[in-house]
Amino acid sequence: MMEVLKNKVSGFWEEEDGLGTLELILIIGVIIIIALIFKDQITALIKSLLSKVDTKSNEFFPG
């Protein structure tokens, strides 16, 4: 009995069929929810990074 259970668990663990449609939909859904929750922080971070890039590029390429 234990050997059968061990083989089933081992087979399940080693199975690598890839991601199914449901898993992809769930992952995308979670990413969208997180993006909506932290929208203001993400926007501020991107604006800050782009500002720094602009400043550094102006230092490197004056004019």
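Every number in this text was worked out from the coordinates using simple rules, so none of it is lab data. Keep in mind it's a predicted model, so treat the numbers as computed, not measured. Glycine gets a Cβ as well: all are built from the backbone with ideal geometry, and neighbour counts include every protein chain shown.
The magnitude of the dipole of the chain, with charges of +1 and -1 set on the Cβ of Lys/Arg and Asp/Glu and taken from the Cα centre, is near 420 debye.
The lysine pair count for the chain, using Cα distances under 29 Å and pairs eight or more places apart or on different chains, is 4. Here the Kirkwood formula puts the hydrodynamic radius of the chain at 16.5 Å, using every distinct Cα pair. Under DSSP H, which helices of the chain have Cα atoms covering 15 Å or more of the helix axis and a Kyte-Doolittle average no less than 0.0? Span-like helices here: 21-37.
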